[in-house]
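One structure is given below, encoded as structure tokens.
The values are calculated or read from the model by the stated rules, or taken from the named source; none is laboratory data. This is a predicted model, so every value here is computed, not measured. Here Cβ is always computed from backbone atoms with ideal geometry, including for glycine, and neighbour counts include all displayed protein chains. Accessible surface is based on the protein model in full, side chains and every heavy atom, while ligands, DNA and RNA are left aside. Shrake-Rupley method; radii C 1.70, N 1.55, O 1.52, S 1.80 Å.
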Amino acid sequence: QVQLVESGGGLVQAGGSLRLACAASGRTFSYLSMGWFRQAPGKEREFVAGFGWSGGPTDYADSVKGRFTIDRDNAKNAVSLQMNSLKPEDTAVYYCAASNSPRPASTRQYDYWGQGTQVTVSS
């Protein structure tokens with residue numbers, strides 16, 4: 001079993017930055033694919049950014065490319081999401097997720113989820 005704990009959400013003005021962190025435990029971290037998702041009120045959960053097992057390629061949703069950066073630290077069993085140039089439409093609950101698949105292709109392939117952290121961007 002893998003446990004994921006997110007931190008770093010909050011309220012920020014449009015154009016500002018936030019950094020989310022996710023600490024993982026319970027399994028060899030380098031054999032987990034990691035991702036960030038978000039869910040706004042009334043909308044489905046959507047993929048934001050992620051990468052496969054250690055050394056795999058990084059993927060981003062088109063809506064965040066050039067503004068968000070995902071990073072992992074295998075030594076610390078942690079993954080982060082640096083969010084710059086935030087927009088009101090980035091407002092959502094952000095979730096850290098992990099998958100046993102080397103390169104998950106859909107949300108359903110993520111096996112473990114954190115509790116979520118709220119990000120609110122004011123205009």
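A compact table of results
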| read-out | value |
| --- | --- |
| Single unsatisfied condition, residue 107 versus (1) under 15 Å from the mean Cα position of the chain (by Cα); (2) open to solvent by 40 Å² or more (accessible area, probe 1.4 Å); (3) at pLDDT 95 or above | (3) |
| Every residue from the stretch 1-18 that is open to solvent by less than 40 Å² (accessible area, probe 1.4 Å) and farther than 10 Å from residue 96 by Cβ | 2, 8, 9, 10, 12, 16, 18 |
| Members of the stretch 39-48 found to be under 18 Å from residue 86 (Cα atoms) and either surrounded by 16 or more Cβ atoms within 10 Å (Cβ to Cβ) or touching a Cys at 6+ places or on another chain (Cβ under 7 Å) (or both), listed by number | 47, 48 |
| Unique residue being in contact (Cβ under 8 Å) with a residue 40 or more places away in the chain, open to solvent by 20 Å² or more (accessible area, probe 1.4 Å) and assigned to a loop (DSSP other than H, G, I, E, B) when the list is 115, 82 | 115 |
| Pick from the stretch 85-104, criterion exposed (fewer than 13 other Cβ atoms within 10 Å of the Cβ) and farther than 22 Å from residue 52 by Cα, ranking: farthest from the chain's Cα centre (by Cα) | 88 |
| Every residue from the stretch 19-38 that is at pLDDT 95 or above, of a type in the set (A, V, I, L, M) and buried (at least 21 other Cβ atoms within 10 Å of the Cβ) | 20 |
| Count of residues meeting criterion [out of contact with any Phe, Trp or Tyr (no Cβ under 9 Å at 6 or more places or on another chain), without any contact (Cβ under 8 Å) to a residue 12 or more places away in the chain and not in a helix (DSSP H, G or I)] in the stretch 85-109 | 1 |
